[in-house]
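Where a number appears in this text, it was derived from the coordinates with a stated rule and is not lab data. Note that this is a predicted model, so its numbers are computed, not measured. Glycine also receives a Cβ, built like all others from the backbone with ideal geometry; neighbour counts cover every protein chain displayed.
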Amino acid sequence: MDAVTVARRVVKQVVKDRRTLALLLFAPLFILFILYTVITSPASRPVVGLVDQQQAYDVLAREAEVVRYDSRKQAERAMDEEKIDAYWAGETFVVEGTSRSRSKLSEAALSKTLAVMGAGGMRIEAPDIEYLYSSGDATLFDTLAPALMGFFIFFFVFIIAGISFLRERSTGTLERTLATPLALRDLVAGYFIGFFLFVSVQTVLIQWFIVNVLDVPQNGDYLLLLFVNLLIATVALTLGLFLSSFARTEFQLFQFIPALILPQVFFSGIFDISEAPRWVELLSSALPLTYAARALVDVMIRGRGFMDITFELLILSGYAIAFVILNLVLLRKERPS
Amino acid sequence: MAIIEAVDYGQSYGKYEVLRQLSFSVDPGTITGLLGASGSGKTTLVKAMIGMLRPTRGEISVLGKRMPNLKTAPRIGYMAQNDALYDELSARENLSYFGRLYHLRGDRLERRMDQVLAFVGLSEAKMPVKLFSGGMRRRLSLAIALVHEPELLFLDEPTVGIDPVLKETFWTEFAELKTKGVTLFVTTHVMDEAMRCDRLLMLRNGEIVADGTPQELIAANGTLDAVFLKGAK
């Protein structure tokens, strides 16, 4: 039967392409395991600051980690330093609001506390709930938008840059270019500048669509947000160029997506990983999108400025520089002179 | 003085030894043909001579420099086995790109582009390269190798996949380049092309098994086919 002949050839081909085989068999398990670990990590208790409702301490402590503060100012500072998810001061219960899940946990802790105290005959006035960032009616998309924006910019730039450079290799134009007196640094810089023009347009378009069309709240400086996004695009561009060296076909380049790109989504702030195992935390701190998402949340939701996200920007710049250096090292192998 | 000189040159990829102990020299202003069956190491040898590979053994000198050496690049022309063209660009845009990488600018670039396009008969081809026929692609590939007026030209199987008429045109052009003092190093496995070379090197299993003028090799073996078949065994 002809079908058997075709099938035998397909089986032989896949078996001999070990990377494809490994991807086919193990990549889904890898992704599922990461998802499982992230989703089944116990929901951490919210951290709530208590300023003057000391009679509520014992009950609230059953629902949340409670930290006592002497003044509202102290609680505000703790919230600014991202140490607490909410604080209760007098007639207000202030929720930080950058994470939808932690905001809801904080609110739930308050309402349970009020219910238990009410049932026990303790008279207490329900405080007004205020959100420091965003608002209580912020949609799930609103809170995920910064991380999603960073991911989509990263993902599409990676694909475009990777495929373009791969084509240079597969069509032989890279080899021919390397046979000219062109310096390797000029090749990498030229590629970078050429693509950066298009990547900038794409980035502006994505940011404009999320902020202006989808109307996601944007509390920070629009230009600073654009700067962060362009830095993310830079990292993706250099990573795409770098990883294309390890692929012979576009199919092989796509294989990097479930292995290296997708896991970054799970760790970039879409899921709460504060209670996840240590290895998840370590892995997360090694991935560029983690810093990208942090910077985007800080600018977009918290409305913070350049100085507040210097660390994240430095890390992202470090990744871009490292990938450029690795590109040069690999190209030197292709043209040793 | 030889324009190319290989001394005890060897090339390995990991544990695979592709070329071993090659020693030969090429005189300026000649056409040298490198004969060999597919997989005999012809392309590897060309890549080492243009500086894309560092010899794992011995040495290769080109234009008086030990390779790899980037300083030789402006004086070398290279036509790869695959066409290596940007399909979305026109012939002139492809030429302009590579001409600029060889530091040609302004009037000189324009003049050279006009000259080489006329030389390969593509002056009127304005459409994107993706619409070119196989023969047109090979011709443009040759034009790119010539745009910066190299004194040494490496042509890796330049006539593969082209019709006999174009093949004849190519060899007429190669002869014309030779009269201008250009040295040509051509890989081939086509016997009638080998006859047009001043000197032939025959590669087999990574070693040179025959070296001489076509007439010398025919005298020793009867026909060039016999030399090739002997080399291919």
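Side notes on the structure shown:
- Fluctuation leader among A:Leu223, A:Leu262, A:Leu110 - chain A, Gaussian network, Cα springs under 10 angstrom: A:Leu223
- Residues whose placed amide H lies under 5 Å from that of A:Asn219, excluding near-sequence neighbours: A:Ile301, A:Gly303
- P(r) tail, segment B:87-196: Cα-Cα pairs separated by more than 15 Å, 63% of all pairs.
- Over segment A:1-149, the Kirkwood radius and the radius of gyration, each from Cα atoms, give a ratio Rg/Rh of 1.33.
- Charge tally in the Cβ shell below 13 Å around A:Gly162, where Lys, Arg are +1 and Asp, Glu are -1, A:Gly162 excluded: +1
- Value of [θ]222 nm, deg cm²/dmol, for the protein assembly as shown, DSSP H segments ≥ 4, -39500 (n - 2.57) each, nearest 500: -16500 deg cm²/dmol
- Cα long-axis angle, helix A:100-119 against chain A (0 to 90 degrees, to the nearest 10): 20
- Summed side-chain charge close to B:Gly64 - residues other than B:Gly64 whose Cβ falls under 13 Å, Lys, Arg +1, Asp, Glu -1: +1
- Segment B:84-205: relative contact order in percent, alpha carbon pairs under 8 Å with at least 6 residues between: 24
- Distant alpha-carbon pairs in segment A:47-131 (separation over 18 angstrom), percent: 33
- Mean Cβ neighbour count within 10 Å, used as a protection proxy, ranking B:202-215, A:229-242 highest first: A:229-242, B:202-215
- Here's how it looks for B:Arg204: its modeled amide H is under 5 Å from those of B:Val209, which are all 5 or more places away or on a different chain.
- Positive-end residue of A:Ser99, A:Met79, A:Ala119, charge dipole of segment A:47-131 with Cβ unit charges: A:Ala119
- GNM result for chain A, Cα springs below 10 Å: residue of A:Ser284, A:Ser71, A:Ser111 fluctuating most strongly: A:Ser71
- Sparsely packed loop sites in segment B:72-107 (the trypsin sites (Lys or Arg not before Pro) outside DSSP H, G, I, E and B with at most 13 other Cβ atoms within 10 Å) comprise B:Arg105.
- Take the Kirkwood radius over Cα pairs of chain A, plug it into Stokes-Einstein at 20 °C and 1.002 mPa s, and you get 94 µm²/s for translational diffusion.
- Residues whose amide H falls under 5 Å from that of B:Arg199, counting only those 5 or more places apart or on a different chain, are B:Ile31, B:Gly33, with hydrogens built in the peptide plane.
- Column: log10 I(q)/I(0), Debye, Cα scatterers of segment B:122-186, q = 0.19 Å⁻¹: -0.76
- The distance separating the Cα centre of segment B:112-179 from that of segment A:151-202 comes to 27 Å.
- Measuring against 32 Å, Cα to Cα, the residue pairs A:Lys12/B:Lys42; A:Lys16/A:Lys333; A:Lys333/B:Lys126; B:Lys15/B:Lys130 contain A:Lys333/B:Lys126; B:Lys15/B:Lys130 as the ones spanning a longer distance.
- Ascending count of other beta-carbon atoms within 10 Å, so fewest first, for B:Glu176, B:Glu5: B:Glu176, B:Glu5
- Shape parameters for segment B:2-54, alpha-carbon atoms, Rg then Dmax in Å: 11.4, 37
- Comparing A:Leu225, A:Leu197, A:Leu253 in a Gaussian network model of chain A, where Cα atoms under 10 Å apart are tied by springs, the biggest mean-square fluctuation is seen for A:Leu197.
- If you model segment A:263-337 as an ellipsoid using its alpha carbon gyration tensor, with each semi-axis the square root of five times an eigenvalue, the axes come out at 29, 18, 9 Å, biggest first.
- Once exposed loop GluC sites (Glu not before Pro) are cut out (DSSP; at most 16 other Cβ, 10 Å), longest piece of chain A: A:126-274
- Pairwise Cα inverse-distance average, inverted: Kirkwood Rh of the protein assembly as shown (Å): 28.6
- Whole-angstrom gap from segment B:33-74 to segment A:243-258, using each part's C-alpha centre: 30
- In degrees, nearest ten, helix B:106-119 long axis to first principal axis of chain B (Cα): 60
- Cα-based shape type of segment B:1-133, given that a ≥ b ≥ c are square roots of the gyration tensor eigenvalues and the cut on a/c is 1.5: prolate
- Compactness ratio for segment A:186-278: Cα radius of gyration over 2.2 N^0.38 Å (N = residue count) comes to 1.31.
- Its Kirkwood hydrodynamic radius, worked out from the mean inverse distance over all distinct Cα pairs, puts segment A:140-334 at 17.4 Å.
- Rounded to whole numbers, the Karplus 3J(HN,Hα) couplings from phi for segment A:226-232 are 5, 4, 4, 4, 5, 5, 4 Hz, using 6.51 cos²θ - 1.76 cosθ + 1.60 with θ = phi - 60°, and x at Gly and Pro.
- Cα-Cα pairs of segment B:82-150 separated by more than 16 Å (percent): 36
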